[in-house]
1. Which residues, counting only those in the range 197-226, are more than 20 Å from TYR157 (Cβ to Cβ) and of a type outside the set (Ser, Thr, Tyr)?
2. State the number of residues belonging to the range 283-296 that are surrounded by fewer than 24 Cβ atoms within 10 Å (Cβ to Cβ) and either free of Cβ contacts under 8 Å to residues at least 60 places away in the same chain or of a type in the set (D, E, K, R) (or both).
3. What helices (runs of 4 or more DSSP H) completely inside the range 166-282 contain at least 1 residues that are surrounded by fewer than 24 Cβ atoms within 10 Å (Cβ to Cβ) and in contact with a Ser or Thr (Cβ under 6 Å, 6 or more places away or on another chain)?
4. Applying the selection to the range 362-392, what residues are among the β-branched types (Val, Ile, Thr) and touching a Lys or Arg at 6+ places or on another chain (Cβ under 9 Å)?
5. Restricting the search to the range 161-179, which residues are under 21 Å from GLY235 (Cα atoms) and free of Cβ contacts under 8 Å to residues at least 24 places away in the same chain?
Amino acid sequence: MPLLKNISTLYVCPDDGDQSDVHPVHDAVISWKDGIIEWVGPKSEFPGREDDYDVLNAGGRIVIPGLVDCHTHLAFGGWRPDEFEMRVQGKSYLEISRSGGGILSTVRETRSIHENELYEKTAGLLDKINRSGTTTIECKSGYGLSLKDEIKTLRVYDRLRYNKTAHIISTFLGAHTIPPEFQDNRKSYISLLTDDIIPRVGEEKLAKFCDVFVEESAFTVDEARHILEAGKRYGLQPKVHADQLTSCGGAELAAETGAISADHLEKVSDLGIKKMADAGVIAVTLPFASLYTQESFLDCRKLMDGGVRVAVATDFNPGSAPCYDMPLAMMLACNQSRLTPAQALKGATIYGAKAIGMENSTGSLEKGKSADFLVIDAPSVNFWMYQFAPDRKMEVFLKGECIQS
Ligand SMILES: [Zn+2]
């Protein structure tokens, strides 16, 4: 049985307490068996004998739970570097999407490649993503927008589970945008989603969640409600892309439909915050999307003051957030969205896990959970976030196995 000792500080990150309460344990040890945590706590209270264990030495470094990226669009064809240049020149996201760029260009590329090619590209990305500490990742479809291509994307995520490089949670996002062949007939596309694709995704158990992009340029609140209710009938729990560019009632809809999370929220209303708090909806802040679109960052402190828990994720996608580095997203959430390093840590671990229904198996370092953790060469989480260094040494453990060092 492995035992990791000589940990200067281990951050438990339990669900209880408020967003700041990461429960640091000094001079800690952690032991696990068959990939499941057996014991965590101060060395002085460890009940076992070291001789009975395979002892590993953390060398005085810190240990945190494996990071949970609870919002990505991981599988897609192509990239969009030209659009990056357009945005830098001052073209808005809405202008780019209205001129035929944006999501639709990725839809064309994703439809044009074979499932195996999409799988190879996505597996390669996931391998790099692990290196920055992500051990659990939510992956959305939404660049296929047809029965065949949405199923193709979700099958890629299913296949990735066998690589054992991360816990993978799939989300169906057929309601990402209206595909070109339905531009003049959006009702028919929504019927295709609710009557054909969602039943198939539910029956084949290809996704755990159903997400809708609620926005002026995408789906209205009424359309989203109809799609999310269809998802629920097939066992898919709601998630919402809400209030990113305009305040259009996405947060309120998330609360009304029992969504597990509402993501983006830069333009959320005060009523939306109150309804999310009352319904226990997790907010997900996506700092890269604000950075790359030159839009305002979410004021996370306002949400926390309103009683909402805030998760931090990357929104990794080829348009508005082509970066998958969770520690960098956390550092931006500190600098731009007013989270303390401890609050960002809890947002990137246990609250991220809650945003995808994984809090019983990962997201904190507690007995009975998967031994997913990072050994980081920093004296504290404050220092790690403050002196951001992309080359900082980090060991990544997934289910008790060191998968990156
Ligand atoms: Zn997104």
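1. Residues satisfying the conditions are VAL214, GLU215, GLU216, ALA218, PHE219, VAL221, ASP222, GLU223, ALA224, ARG225, HIS226.
2. Let us first name the residues in the range 283-296 that are surrounded by fewer than 24 Cβ atoms within 10 Å (Cβ to Cβ), namely 288, 290-296.
With either free of Cβ contacts under 8 Å to residues at least 60 places away in the same chain or of a type in the set (D, E, K, R) (or both) added as a condition, the list becomes 288, 290-291, 295-296.
Residues meeting the conditions: 5.
3. Numbers: elements: 186-192, 198-203, 221-233, 250-257, 270-279.
Where helices (runs of 4 or more DSSP H) fall fully within the range 166-282 and carry at least 1 residues being surrounded by fewer than 24 Cβ atoms within 10 Å (Cβ to Cβ) and in contact with a Ser or Thr (Cβ under 6 Å, 6 or more places away or on another chain), they are 221-233.
4. To start, the set of residues in the range 362-392 that are among the β-branched types (Val, Ile, Thr) comprises 362, 375-376, 381.
Hits for the range 362-392 are THR362, VAL375, ILE376.
5. To start, the set of residues in the range 161-179 that are under 21 Å from GLY235 (Cα atoms) comprises 161, 167-176.
ARG161 - this is the single residue of the range 161-179 that is under 21 Å from GLY235 (Cα atoms) and free of Cβ contacts under 8 Å to residues at least 24 places away in the same chain.
Let's see how each residue does on (1) more than 16 Å from the ligand (Cβ to nearest atom); (2) under 23 Å from CYS402 (Cβ atoms):
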residue	(1), (2)
GLY41	yes, yes
GLY48	yes, yes
VAL55	yes, yes
ALA58	yes, yes
THR72	no, no
SER92	yes, no
GLY102	no, no
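Residues are listed down the side, and each one gets a yes or a no for (1) open to solvent by less than 10 Å² (accessible area, probe 1.4 Å); (2) away from the ligand (no atom under 16 Å from the Cβ); (3) not in a loop (DSSP other than H, G, I, E, B):
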position: LEU298; (1), (2), (3): yes, no, no
position: ARG301; (1), (2), (3): no, yes, yes
position: GLY307; (1), (2), (3): no, yes, no
position: GLN343; (1), (2), (3): no, yes, yes
position: GLU359; (1), (2), (3): no, yes, no
position: SER364; (1), (2), (3): yes, yes, no
position: ALA389; (1), (2), (3): no, yes, no
position: ILE403; (1), (2), (3): no, yes, yes
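The values are calculated or read from the model by the stated rules, or taken from the named source; none is laboratory data. Just so you know, these numbers come straight off a predicted model, no measurement behind them. So basically every Cβ, Gly included, is an ideal-geometry build from the backbone, and we count neighbours across all protein chains shown. What goes into the accessible areas is simple: the full protein's heavy atoms, side chains included, and nothing from ligands, DNA or RNA. Shrake-Rupley method; radii C 1.70, N 1.55, O 1.52, S 1.80 Å.
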